[in-house]
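Asks: Take a look at the following structure, please.
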Amino acid sequence: MQRSNSFMLNKMIGGLCRVGLVATGGVAIASGLLLATMSSATAQAAYGSYVGVGPAFGLTSGGIGEDSQTTANIAVRYKLLRAPLSIRTQVLVGSEGTAIVPTISYDVPLSWQADVYVGAGAAIVPGSGLTPVGNKTSFAIQPGIDYALPNSGFVLFGNAIVAFDAYRSGGNAAVSVQGGLGVRF
């Protein structure tokens with residue numbers, strides 16, 4: 001009888017151990033699946049759209065009489081909510097001419113407040129005036145950075161515009177840099 005009690009006790013302990021191992025394994029698998037399927041808290045690309053103002057500085061010159069320009073800059077960003085894309089427009093307004101630079105950018109978040117981006121579009125120069133991005137319409141790329149100021153509705157922005165074949169006389173590329181302060185909407 002003692003032998004059978006001992007046998008039964010061992011069998012019961014073995015069964016409990018198997019149940020414990022199965023339960024532990026089940027919890028481990030469930031935890032792993034939960035962690036694998038949870039979406040992690042990833043940084044959003046300096047969320048929000050904005051409109052801003054600041055200066056624009058031309059860094060290049062074209063041919064004779066096509067000197068670099070400094071102008072005012074009006075910047076608009078419309079952030080597409082479900083994609084890392086933004087529609088951006090820079091309007092460079094100066095005494096010699098105006099340029100409109102619409103681009104579509106791919107945004108890469110650096111943190112909850114900052115993102116870098118690169119955009120592609122056109123530098124449109126109506127008329128024959130000289131601007132920081134040349135004096136004729138051309139293809140343009142626009143790398144830049146946005147930084148949303150914490151606990152406020154403001155954004156600091158900075159970018160460059162490289163317009164290819166942007167001067168009538170020289171045919172050179174035009175490079176300008178812009179920066180400023182925007183208000184999110």
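Asks: Filter region 169-178 for residues that are under 13 Å from LEU59 (Cβ atoms) and either outside any strand (DSSP E or B) or not polar (S, T, N, Q) (or both); which is modelled with the lowest pLDDT?
Replies: Looking at the filtered set, the residue picked out is ASN172.
Asks: Looking only at region 133-143, decide whether some residue is within 25 Å of VAL155 (Cα to Cα), more than 19 Å from the chain's Cα centre (by Cα) and in the same structural domain as SER169 (by TED's automatic domain parsing).
Replies: Yes; the residues of region 133-143 include at least one that is within 25 Å of VAL155 (Cα to Cα), more than 19 Å from the chain's Cα centre (by Cα) and in the same structural domain as SER169 (by TED's automatic domain parsing).
Asks: Those residues that are buried (at least 16 other Cβ atoms within 10 Å of the Cβ) and assigned to a loop (DSSP other than H, G, I, E, B), I need them from region 97-121; list them, please.
Replies: Residues satisfying the conditions are GLY97, GLN113.
Asks: Okay, moving on. Among the residues in region 63-71, are any of a type outside the set (D, E, K, R) and part of a strand (DSSP E or B)?
Replies: Yes, the conditions are met somewhere in region 63-71.
Asks: Now a separate question. Counting just the residues of region 59-96 that are within 15 Å of TYR167 (Cβ to Cβ) and of a type in the set (D, E, K, R), which one comes out surrounded by the most Cβ atoms within 10 Å (Cβ to Cβ)?
Replies: GLU66
The values are calculated or read from the model by the stated rules, or taken from the named source; none is laboratory data. Because the structure is predicted, anything quoted here is derived from the model rather than measured. Every residue, glycine as well, gets a Cβ built from its backbone with ideal geometry; the counts of neighbours run over all protein chains shown.
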